[in-house]
Amino acid sequence: MSTAGIASAIRDCVAAKTGLRIAGRGTWLDAGRPVSANTTLSLNDERGVVSYVPGDLTLTVRAGTTLAEITDVTAQRDQWLPLDPFGWPDGTIGATLATASAGPLASSFGLPRDLLLGLEFVNGRGETIRAGGRVVKNVAGFDLSRLLTGSWGTLGVFTEVTLRLYARPAVDRTFVVDLGGPEKQVTAILRAIVTSPLSPYALLLLSASAARAAGLGESPVCLIRFGGNEAAVRAQVGALLQVSRPVELETKIWLAVRQLDGDAHSTIRLSSLPQRVVAHSARMLHDEVPFIRTCIDPRRGIVRIIDSGPHNTALQASPVGQPDQTDDRFLSRDDYGKSSEVIFERLPAEAWSQVSPTVVSDPLSRGIRNAYDPHHVLNPGILGD
Amino acid sequence: MVAERLAEIVGDKHVLSRQSELLVYNSDGLPGYRRQPRLAVFPGTREETIAVVRFLADEGLPFVPRGAGTGLSGGALADDIVVVGLHRLKKIISLDIENRRATVEPGVVNLRLNKHVAPHGLLYAPDPSSEAACTIGGNVAENAGGPHCLKYGVTLNHVLAMTVILPSGEIVELGSRVGERDGYDLRGAFIGSEGCFGLALDVTVKLTPKPQTVRTILADFTSVNQAAQVTSAIIASGIVPAALEFMDGATIRVVEDSIYAAGYPRDAEAILLIELDGLEAGVTADLESVRRICIDGGARNVRVARDDAERMKLWQGRKKAFGAMGRLAPHLIVQDAVIPRTKLPQILATIHDISEKYRVMVCNVFHAGDGNLHPNIAYSADDPSESERVHKAMVEIMQACIAAGGSITGEHGVGLDKMGYMESIFSETSLNAMCELRGVFDPQHRSNPGKVVPIHSCKEWHGVPGRAKREQEAAPLEAEPSHPVAT
């Protein structure tokens, strides 16, 4: 199928008054709210490189291209797309951008929308629209690339994207630090790492259950990744040795970490001020709840609570710095208070109706949705609209 | 009548309605365009700003938000409508050192914010060359960049949240001050909307720790092409300089003749100003790599600034280059196209050919690291023949950049100046999608009307907002002469 084919499929749905479920490889269709659509629009065949200019560090691909394919193509020129969302690397770039999925590298290389230079999409009227461009800096016109990223397909179907690449670092090393000690000691280590001049590519804290699932033993750990030239990495490893006893790991550990959600039915992302998260990290890592894997990015202020257990306990886990709310089986957004934000990445289908009002209920979001998809044919219901 | 009502909100001395007083507001940093506002109002507090916007909404009057007026796209010009100047809103509302963020009013000047946070080892990264005068509100409207956005990103990457007043007078919070939010990225959509979506009442920005080490390198070349090739080689090497700036021979000599003389070699045909920052050890290693790339690429000299004073001097020449152009002629036209970085040598050669064809002197001083060109021509707008040649040369340069796969603007915005090019890079359907987005924020197109997207591209919108109503007003403030465009 081509862009024209996608446009025509959308127009058919408008005419037939039916909704469309937009899917990439379909690896994570249970993320987001349940979609009320009978027809699936698969972008599985929309794959391949449209244009790759290594000297410009830009890559244009069809939206159904997988992250793994992008990794392969760019690795041949010693480049990469530093985007490592949680999940399998056979997910598509279109789905990654549509859901604004990010991983541990985001604290250094930015969120998906920071790596998207331009795109082609088809709106809910079947019109093909281009925004942004193929250059690394661009303010021509209103920023539709930003708007579409994270819109979960509700404003348009991504068909083609231009991405910003980076050169692979000369050195890329990963270390693990055991955080099994007393809370006070762990907090001191974390503060030392976070406030030091270290500038790791990625810094992630795993609870014991998360560490176990990633094959990293039985204690909470800190994973830390340094990249750059030899001298810069050596200096940082030296600094890390001053505050802890790191053990080097192979870089492929990050692939295992990205799959911590693999068998989970619920993933909840809390975010708060970075120092607040640092202050509460040790407690959150040590308060082991059965079946709950906790994964913290202190520099971004992100806490991911992943639940694979039988009882939806993730929904009862305490939010950042809040007292336990074990009475509430399902927390609404407001219960978390203004000191943090919460995003429900994935929940059992029956839980969605109980968690919060729609995320696009404000007049501006509703207006944009109505302008771009007036008949609500694109992923109807996925954002709760 | 309108002036009196506004004066009741902000006080008499903060409303200007005499033509002579308004002259200052009839252009921005790009002197080729002039539009006479009908009046200008300068609220001094958040409450006054809200009251002003709501009054204008009640009256159905269009307006143009304006910061320091340093923009380079004609974006802050008001054609016989109201200017809402925000430079008096200059409170730094809060500073959170631990979490590295600050909340400021829109009129806070970049440099002042930087001075305020410097004692804490922090900085606000976006550094447009006008940083000594331009305001954060203006930065947000234009999604401003600057030399250091090569490594640190543009305004968008440094704004976490805003309180915005929509043209209707409604107040909304965009983004989040405490974390990451789901839903549409309205914060991202608002930044760079050039005053067409409303105005920010406060902005929460991210602050960046000062790098441990900063080294600034001056490499000089006897050919423009060599400097362009070296730029591409540095980018391809994977080193991410904090800044990578290019100045050609013509610019060097203008700067060296001015009070901003920086000690650049006058006989060079091009210089690169390269800044590396980060951890001491890493910077030292990258410095050696950059030096080698420059010398292999034909650099005549590679000099590293010995201290902060020398560094500042090298930067002053770059940042004041546009100012120095004032020595050549009274008017300056500057473009802002971005091209794929591998096309730099080719485009610089094309610009040279175009300048010869039209007998104009094009000076090139630009952000080479991200391919963001600023070809500029000093000229006299009073000379019709010269003006015509300058105009034609600029159109051809822009067309060459578009043909090379580029964008028409990297950081200055579309404003009035580049609106005519929007149809060269976007289809009618794409432009209409932009109009629709604007229509959600400002259904009546009352905020900065007639900018960014050509009105005929908007399927649902063909009127000039507010004009009919204005013309019906019983007592016009003053008779206004028309001011033709001077380009």
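Charge tally for B:Arg306 (other residues, Cβ to Cβ under 14 Å; Lys, Arg +1; Asp, Glu -1): +1.
Can you give me the relative contact order of segment B:1-158 as a percent, contacts being Cα pairs under 8 Å and 6 or more apart? Please list the in-between numbers first.
Values: 298 pairs, mean separation 27.9, N = 158.
Taking the mean separation of contacting Cα pairs over the length of segment B:1-158, I get 18 percent.
This model, with +1 at the C-beta of Lys and Arg and -1 at the C-beta of Asp and Glu, gives segment A:12-60 a dipole about its Cα centre of some 220 debye. Shielding value for A:268-280 is 3, the average number of Cβ atoms from other chains within 10 Å of each residue's Cβ.
If we count every other residue with Cβ under 13 angstrom of A:Gly124's Cβ, Lys/Arg +1 and Asp/Glu -1, where does the sum land? Around A:Gly124, the charge tally is -1. Annotation: amide H-H contacts under 5 Å for B:Arg300 (H modelled 1.01 Å from N, sequence separation of 5 or more, or interchain): B:Asp220, B:Phe221, B:Thr222.
To test your reading of the geometry: what angle, between 0 and 90 degrees and rounded to tens, separates the Cα axis of helix B:280-296 from the longest principal axis of chain B? In chain B, helix B:280-296 runs at an angle near 70 degrees to the longest axis. Buried on complex formation within segment B:330-352 (loss of at least 50 square angstrom of accessible surface versus the isolated chain, 1.4 Å probe, ligands and nucleic acids ignored): B:Arg341, B:Thr342. About its Cα centre, the dipole of segment B:219-272 is roughly 120 debye, where the only charges are +1 on Lys and Arg Cβ and -1 on Asp and Glu Cβ. In this structure, the amide hydrogen of A:Arg134, modeled 1.01 Å from its nitrogen in the peptide plane, lies closer than 5 angstrom to no residue at least 5 positions away or on a different chain.
Here each label is just a point 7 Å from Cα along the line to Cβ, and for B:Val214 and A:Ala75 those points are 3.9 nm apart.
Based on DSSP H segments of at least four residues, each scored -39500 (n - 2.57), chain A has a per-residue ellipticity at 222 nm of -7500 deg cm²/dmol. A simple rule links phi to the HN-Hα coupling: the Karplus curve 6.51 cos²θ - 1.76 cosθ + 1.60 with θ = phi - 60°, which for segment B:176-190 gives 9, 7, 10, x, 10, 10, 9, x, 5, 7, 5, 4, x, 5, 6 Hz, with x for Gly and Pro. Taking the protein heavy atoms of segment B:166-304 in the context of the full set of protein chains, the accessible area attributed to carbon and sulfur is 49 percent at 1.4 Å.
Taken one residue at a time, the phi angles of segment A:259-272 give Karplus couplings (6.51, -1.76, 1.60, θ = phi - 60°) of 9, 4, 7, x, 9, 8, 9, 9, 9, 10, 10, 9, 9, 8 Hz. Gly and Pro are set to x.
Each Lys and Arg contributes +1 and each Asp and Glu -1, all at the Cβ; summed about the Cα centre of the protein assembly as shown, the dipole is approximately 860 debye.
With all protein chains kept in place, the per residue accessible area of segment A:79-154 amounts to 20 square angstrom at a probe of 1.4 angstrom. Residue by residue, segment A:162-167 carries 3J(HN,Hα) couplings of 10, 10, 8, 9, 10, 6 Hz when phi is fed to the Karplus relation 6.51 cos²θ - 1.76 cosθ + 1.60 (θ = phi - 60°); x denotes Gly or Pro.
Helix B:308-319 and the longest principal axis of the Cα set of chain B meet at an angle near 60°. The mean count of C-beta atoms from other chains within 10 Å of the C-beta of residues in B:291-301, rounded to a whole number, is 0. Scanning residues 5 or more positions from A:Leu41 or on other chains, those with amide H under 5 Å from its amide H are A:Arg21, A:Ile22, A:Ala23, with H placed 1.01 Å from N in the peptide plane. Helix B:384-403 axis versus longest C-alpha principal axis of chain B: approximately 70°, rounded to the nearest ten. The separation of segment A:1-57 from segment A:126-156, counted between C-alpha centres, amounts to 16 Å.
What quantity of accessible surface, computed with a 1.4 Å probe and excluding non-protein components, is buried in total between chains A and B, in Å² to the nearest 100? Please list the in-between numbers first.
On the way: alone 16570 and 20130 Å², together 31240 Å².
In total, this chain pair buries about 5500 Å².
Among the cysteines of chain B, those with no neighbouring cysteine Cβ under 4.7 Å are B:Cys134, B:Cys149, B:Cys196, B:Cys294, B:Cys363, B:Cys401.
What is the mean number of Cβ atoms from other protein chains located within 10 Å of the Cβ atom of each residue in peptide B:423-430, rounded to a whole number? It would help to have the intermediate numbers written out before the result.
On the way: counts 0, 0, 5, 7, 4, 1, 6, 9.
Other-chain Cβ atoms within 10 Å of each residue's Cβ, averaged: 4.
Of the cross-linked pairs B:Lys91/B:Lys418; B:Lys392/B:Lys451; A:Lys137/B:Lys313; B:Lys115/B:Lys451, those separated by over 30 Å at the C-alpha level are B:Lys91/B:Lys418; B:Lys115/B:Lys451.
For the protein assembly as shown, the calculated P(r), taken from all Cα-Cα distances in 20 Å bins from zero up to the bin holding the longest distance, is 15, 48, 33, 5, 0 percent. Our summary gives chain A a relative contact order of 19 percent, counting only alpha carbon pairs under 8 angstrom and 6 or more residues apart.
Between B:Glu388 and A:Lys17, what is the FRET efficiency for a Förster distance of 41 Å, r being their Cβ-Cβ separation, to the nearest 0.05? Could you put the intermediate results ahead of the total?
Details: r = 57 Å, r/R0 = 1.38.
Step by step, r from the Cβ atoms, then E = 0.15.
Can you classify segment B:210-254 as rounded, prolate or oblate using the Cα gyration tensor, where a ≥ b ≥ c are the square roots of its eigenvalues, rounded means a/c under 1.5, and otherwise it's prolate if a/b beats b/c and oblate if not? Because a/c hits 1.5 or more and a/b fails to exceed b/c, segment B:210-254 counts as oblate.
What's the FRET efficiency of B:Arg266 with B:Glu423 using the Cβ-Cβ distance as r and R₀ = 35 Å, to the nearest 0.05?
Working: r = 42 Å, r/R0 = 1.21.
Between B:Arg266 and B:Glu423 the formula returns 0.25.
Give the calculated FRET efficiency between A:Thr39 and B:Val172 to the nearest 0.05, with a Förster radius of 30 Å applied to their Cβ-Cβ distance. Could the numbers behind the result be given before it?
Working: r = 35 Å, r/R0 = 1.17.
The value I calculate is 0.30.
The values are calculated or read from the model by the stated rules, or taken from the named source; none is laboratory data. Nothing here was measured: the structure is a model prediction, and the numbers come from that model. Every residue, glycine among them, receives a Cβ derived from its backbone with ideal geometry; neighbour counts consider all protein chains shown. All accessible areas refer to the heavy atoms of the entire protein, side chains included, with ligands and DNA or RNA removed. Shrake-Rupley method; radii C 1.70, N 1.55, O 1.52, S 1.80 Å.
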